[in-house]
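Colleague: Take this structure, written in structure tokens, and hold onto it; I'll ask about it next.
The values are calculated or read from the model by the stated rules, or taken from the named source; none is laboratory data. Predicted, not measured: the structure shown is a model, and the values here were computed from it. Reconstructed Cβ throughout: ideal geometry from the backbone, glycine too, with neighbour counts over all protein chains shown.
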Amino acid sequence: MPVSVRSFAKINIGLYIGPPEMREDEFHELRTVYQTIALHDTIKLGLTNGSTGIEIKCRNPRVPQDESNTCYRVAERVMKTLKTRGKLTITIEKQLPVKGGLGAGSSNAVATMVGIEKLLKKRLEPLDRLRIAAEVGSDLPLFLIGGTVLGIGRGEQVFPLPDLPPINMVVATPDIGVSTPKAFAAWDGLFGGAKNGSGLTVSEQTSTLNRFSSEVYSWLNGTSFSAATSGVSARGGNRAEALLLDLVRTGIENDFERVVFTQFPELRDVKRAIEREGSSYASLSGSGSTLYGFFGSKAEAAKAAENLNAKDIPAQATVTLSREEYWKSIV
């Protein structure tokens, strides 16, 4: 019988980029906190006998339907590892933006992995799951954990963090496709300018990574974080709001804003519009183009989304997902 799997989005709470010299490969060393949220695509899978192959179906013309699709690449590896043959059909029902910084392609791929396991009533070994995910893309492993996740390396080394309390938020998705490789190239251009004084030196970039690690450590060990995650309000107010205040105080930010906002000034304008609606913290997610803002209540987030849409800024109110909620809601 066909199966359906929800494919949830993520945001980046802070993202710091290190210099290429820190790694032997062509990737950048990264530091970020991933957070899964309730917005999602739906992946439907079916398997028939008598023929072999993988077929991708999607009504969105921007989604590749060949071997370059992350779902295809994961499915090929999963079927081989589980020693299963047949014609696998993967239907992607898109709600999340393409190249939007929400990890949609990576999430779709992990949802495909989970769906194949359910379809075949077989389970991959945990190490095989992680191996396949890391082979296909840097963002995939976070979706094998869900909730609040620390990402290091090129983002593929992931560690579960204590879950944040639910945070109401608005996600704005301008119809702009930001290329992650081009965003990294622009960052490298900023780095290259260090020679004439207009960019960042290696030591400055390395320092930002260390500062991010220190900020996250301090945040996780702060009074309000410990109280919030244990169910006690540190300041007698909203637990999530107390955490956000501490987050803002760390100065945590997304390095991609330094180059993406130059390439697409309208994205900077969207961030400012979110802040004007009363967001306690707003940021670009990944390399963009999605921006998000945290709000103190569901009603405040819904009103902000309504106001942004009235200004022709596509926006939705949603909420963060804990690790338990993430896995309960996938299938």
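Colleague: Do any helices (runs of 4 or more DSSP H) lying entirely in segment 137-230 carry at least 3 residues that are at pLDDT below 85 and over 19 Å from residue 13 (Cα atoms), and which ones are they?
Modeller: Per the criteria, 180-192, 202-220.
Colleague: May I ask you to list the residues in segment 49-64 that are part of a strand (DSSP E or B) and either closer than 21 Å to residue 100 by Cα or basic (Lys, Arg) (or both)?
Modeller: Answer for segment 49-64, where residues must be part of a strand (DSSP E or B) and either closer than 21 Å to residue 100 by Cα or basic (Lys, Arg) (or both): 56, 57.
Colleague: Oh, and also: Quick test of your reading of the structure: residue 278 fulfils all but one of (1) free of Cβ contacts under 8 Å to residues at least 60 places away in the same chain; (2) outside any loop (DSSP other than H, G, I, E, B). Name the failing condition by number.
Modeller: (2)
Colleague: Let me ask something else about it. In segment 41-66, what count of residues is obtained for those that are of a type outside the set (Gly, Ala, Ser) and farther than 20 Å from residue 177 by Cβ?
Modeller: Selection size over segment 41-66: 11.
So that you can scan it fast, the table gives a plain yes or no per residue for (1) β-branched (Val, Ile, Thr); (2) in the same structural domain as residue 290 (by TED's automatic domain parsing); (3) over 27 Å from residue 296 (Cα atoms):
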position: 100; (1), (2), (3): no, no, no
position: 106; (1), (2), (3): no, no, yes
position: 130; (1), (2), (3): no, no, yes
position: 134; (1), (2), (3): no, no, yes
position: 150; (1), (2), (3): no, no, no
position: 172; (1), (2), (3): no, yes, no
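Colleague: Can you find a residue that is in a loop (DSSP other than H, G, I, E, B), modelled with pLDDT of 90 or more and of a type in the set (S, T, N, Q) anywhere in segment 28-48?
Modeller: No: segment 28-48 contains no residue that is in a loop (DSSP other than H, G, I, E, B), modelled with pLDDT of 90 or more and of a type in the set (S, T, N, Q).
Colleague: Are any of the residues in segment 17-26 of a type outside the set (Lys, Arg), within 15 Å of residue 110 (Cα to Cα), in contact (Cβ under 8 Å) with a residue 12 or more places away in the chain and not assigned by TED's automatic domain parsing to the domain that holds residue 317?
Modeller: No, that holds for no residue.
Colleague: Further, regarding this structure: Just one of 76, 24, 67 is in a helix (DSSP H, G or I), over 17 Å from residue 143 (Cα atoms) and not aromatic (Phe, Trp, Tyr); which is it?
Modeller: Sole residue among the options that is in a helix (DSSP H, G or I), over 17 Å from residue 143 (Cα atoms) and not aromatic (Phe, Trp, Tyr): 76.
Colleague: While we're looking at this one, here's another question. Please work out if residue 127 is under 17 Å from the mean Cα position of the chain (by Cα), without any contact (Cβ under 8 Å) to a residue 60 or more places away in the chain and more than 30 Å from residue 266 (Cβ to Cβ).
Modeller: no
Colleague: Additional query: Among the residues of segment 282-301, is any at pLDDT 95 or above and in a loop (DSSP other than H, G, I, E, B)?
Modeller: yes
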